[in-house]
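The values are calculated or read from the model by the stated rules, or taken from the named source; none is laboratory data. Note that this is a predicted model, so its numbers are computed, not measured. Here Cβ is always computed from backbone atoms with ideal geometry, including for glycine, and neighbour counts include all displayed protein chains.
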Amino acid sequence: MPANTSITATGLDFATIRSNLQTFIAAKPDFADFNFDDSAIGTLLDLLAYNTYYNSIYTNMALNESFLDTAQLYESVASRAKELGYLPRSAYGATANVKIVFNSAVATDVKSTLTIPKNTTFRSSVNGVSYQFVTPSSYTLSANSLNGFAGYINLVEGIPLQHDFVYSSTNTQFILQNDNVDTRSISVAVTASGVAQTYIRANDLNAINSSSKVFFVEADRDKRYKVLFGDGVLGQNPENNSVVTVNYRVCSATRTNGASVFTSSASMDGETDYTITVADRASGGAEAEGIEEIRYNAPRAYETQNRAVTAKDYERIILREFTNLSAARVWGGEENDPPIYGKSYACVKPKSGTLISNAEKNRIRIELEKYNMLSIDLEFVDPTYMYVRPTIRVRYNPELTSRTASEIGNLIATTVSTYETQELNTFDGSFRYSRFLDLVDSAETSIVGSQASIVAEKRFTPSTTTVQNYTINFNRGVEHPHEGHLDAISSSAFTYKGTASCYFDDDGYGNIRIYYLSNRTKVFLERAIGTVDYKIGQIKLTNFIATNYGDNLSILSKLENYNVNPVRNQILLISGTVIDVVNDNNNVRESRINASTLGSTATIIDSAITTLTSY
């Protein structure tokens, strides 16, 4: 009988490996009668199996760490990202914008400006814990018309630190040993022969030559960062025994988001009498990128090559650099209605709140200038919110559940809120009617069917003192099956020409009217206060003024299609949900109005729905 000259290599667990080895040896004539379990050769088989098992584990781990998609260690993921030219984002300290007014300082011929030095210290408390904020750069304030000094400055959370290293041929890289280093704050100076020179952080290799005084930042183990210099070809390398001084901030990441009260006892250009008020509370604090974030972002950063050419390039760069934002939308002016050529438009949504300040818009615009490939103006517009108002009727079988109708109503209300959180509230969040009803049906096993009608809502704040024209864009068709079809448009109550509880409607022929109810009969005060374009969902009000309307005035539109996609800078939310739970006999058991959603609890109002109709 010939010897078995092959071995089965399937299976990498210990038992399979040992069994394969035993089968291989047992096939040899010399070992035909051996006991492979209770003899010395059994022990040898155990050792061989263990050795093979360990090697398979280590080989598999080593191979996994060689690829970005499968690596599990931070240093491996960071190393793979470096091959794509991607630096994992560090922790960021929160940034606040404050107005500082110097109460006693007066401009003179000798002193016409006032300087606030870099790293001037401020304090703020969040959840009872005190944190340090500093000025990221120096600010020079010029005297105002009253010869006083006041201005807006940014404050960034973090503790400034300084480390000195000695550069040599064997010591060219310097690891910053602190956690939560904010890499935006790293600055480097090199002192050789008693002369200090500032080195600039390299961002564009095309602008670097052998004499460029630049430094590079790379990720190291344990989310640490290291500073290194050029090789004499790409960037100048410092002289031997030069002293490298690295300044940076160590921050508290997300813990200081929301800080809104700041104090300081620092002397600023000799002045100690000043008042600090908050323009924009602290935001943008972020934890260092984790493994999964790097795995997702690195290939996409490689696609853009640190250049902004397409709209998606801009969106990725904005979200990468500004961690206080949850969503971004960029589009070309040719997509506007009417088109506006030669411009691009950007709209962003903050993680906290609904709008960003003009100062933050300018900060984003300045940052994007580094990546622009073309001389195209980028203009910021604020998000506009449209509210989907569902009226849901659910039929259930009481014999299939122990829950009451009220409890089922609560489950559906929670489902509606979850749908808004997970599917809407971004520029890409579309309302899908069938998907929405599927989730409603799945809220409770006793639900045997559901249906819903959908109305769209826009909110605005008309002037109470001046007659104005307004344009409200729904950006989608209004239900209008035939000429003369009524009640496609409705509204919340307002006061008009001294008459309370007035409302808008349409006459079915494209005219917007104003009426009030008298004994359930409509009495019209205006029969042509504006127009409605049913095809594109655009309402225009002419010479309109309302003296009272509460917090805002809502315009409601029936929709010809219940699948709603946001357009450009539009964000969808859910509001005014009505839930009717009925049994098999069509008896209403529970009616729940205004399920708790962001759209129903937050006050988000379009502030300028007048002439800016192209957005």
(message) Can you pull out every residue in the range 479-532 that is of a type in the set (A, V, I, L, M) and outside any loop (DSSP other than H, G, I, E, B)?
(response) 489, 500, 512, 514, 517, 523, 525, 528, 529, 532
(request) For the range 157-183, enumerate the residues that are closer than 17 Å to residue 136 by Cα and in contact with an Asp or Glu (Cβ under 7 Å, 6 or more places away or on another chain). (result) 158
(request) Please indicate, with yes or no, whether at least one residue in the range 156-173 is free of Cβ contacts under 8 Å to residues at least 40 places away in the same chain and either outside any strand (DSSP E or B) or not aliphatic (A, V, I, L, M) (or both). (result) yes
(message) I need the full set of residues from the range 257-280 which are outside any loop (DSSP other than H, G, I, E, B) and farther than 18 Å from residue 120 by Cα, in order please.
(response) 279, 280
(request) Go through (1) out of contact with any Asp or Glu (no Cβ under 8 Å at 6 or more places or on another chain); (2) in contact (Cβ under 8 Å) with a residue 40 or more places away in the chain; (3) in the same structural domain as residue 185 (by TED's automatic domain parsing) and name the single condition residue 214 misses. (result) (2)
(request) Can you work out which of the residues in the range 337-372 that are touching a Ser or Thr at 6+ places or on another chain (Cβ under 8 Å) and not in a loop (DSSP other than H, G, I, E, B) is farthest from residue 154 (Cα to Cα)? (result) 349
(request) Provide a single number: the residues in the range 124-150 that are on the phi > 0 side of the Ramachandran plot and surrounded by 10 or more Cβ atoms within 10 Å (Cβ to Cβ). (result) 1
(request) Go over the candidates 384, 401 one by one and state the one that is surrounded by 14 or more Cβ atoms within 10 Å (Cβ to Cβ), over 30 Å from residue 581 (Cβ atoms) and modelled with pLDDT of 85 or more. (result) 384
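Residue by residue, here is whether (1) touching a residue at least 40 places away in the same chain (Cβ under 8 Å); (2) within 30 Å of residue 84 (Cα to Cα); (3) surrounded by 15 or more Cβ atoms within 10 Å (Cβ to Cβ); (4) in contact with a helix residue (DSSP H, G or I) (Cβ under 6 Å, 6 or more places away or on another chain) holds:
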residue	(1), (2), (3), (4)
13	yes, no, no, no
18	no, no, yes, yes
44	no, no, no, no
47	no, no, no, no
67	no, yes, no, no
72	yes, yes, no, no
(message) Please list, ordered by residue number, the strands (runs of 3 or more DSSP E) wholly in the range 533-593 having 2 or more residues that are in the same structural domain as residue 509 (by TED's automatic domain parsing) and surrounded by fewer than 16 Cβ atoms within 10 Å (Cβ to Cβ).
(response) 538-544, 588-593
(message) Tell me yes or no: at least one residue of the range 467-478 is assigned to a loop (DSSP other than H, G, I, E, B) and of a type in the set (Lys, Arg).
(response) yes
